[in-house]
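Working notes for the structure below.
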Amino acid sequence: MIQVLTKPKPLTDPHDIIIRGCRENDLHSQEQLYRQFYPEMIKICQRYAGDIDGAGIIFNNAMMRVFKSIKKYQHDGKLGAWIKAIVINCALDHIKTTAKLKETSITIITEEIPVDDYIFEKISAKEIQFAIKELRKQQQPSLIFLFMKVSLINRLEKL
């Protein structure tokens, strides 16, 4: 039986050494990866979180996911794009969990409140957008979600 010896694959990506180390759970490699992508990814996290504390939580959770799933990285695309996708998914998860924590109970009023029939003709979309922007940042996602839900219900009722 003839055994063919092959050369190891040359390291073409500058991240290959770090990736290899992360796959072996090398703390130094993990720290290098964390520090290398921190400046770019923390900006994305801050856009989603709205503050630096939330951004830090999102980034740390994302990097934990990166380290847990680095063995699945196939070099199909750029490492930064792969990490960015994980960061965005973690940011969306963070928004969902914080929105659930911030939900407040809604009191349903059964009595009919008199409303001017032309009230919606008197207010413009820009005025509504301005009012939403004036709300605290914590309330904005809940209100936008509520508008989207009402809009979806209205569309389904028309079907």
- Query: Counting only the backbone N, which residues of segment 57-75 are under 18 Å from the spot 7 Å out from the Cα of residue 38 toward its beta-carbon?
  - Reply: 57-67
- Kindly give the semi-axes, whole Å and largest first, of the ellipsoid equivalent to segment 16-102, taking each as the square root of 5 times a Cα gyration tensor eigenvalue. 24, 12, 11
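Only the coordinates and a few stated rules stand behind these numbers; no lab work does. In this text, all values refer to a predicted model and were calculated from it rather than measured experimentally. No Cβ is skipped: glycine too gets one built from the backbone with ideal geometry, and neighbour counts run over all protein chains shown.
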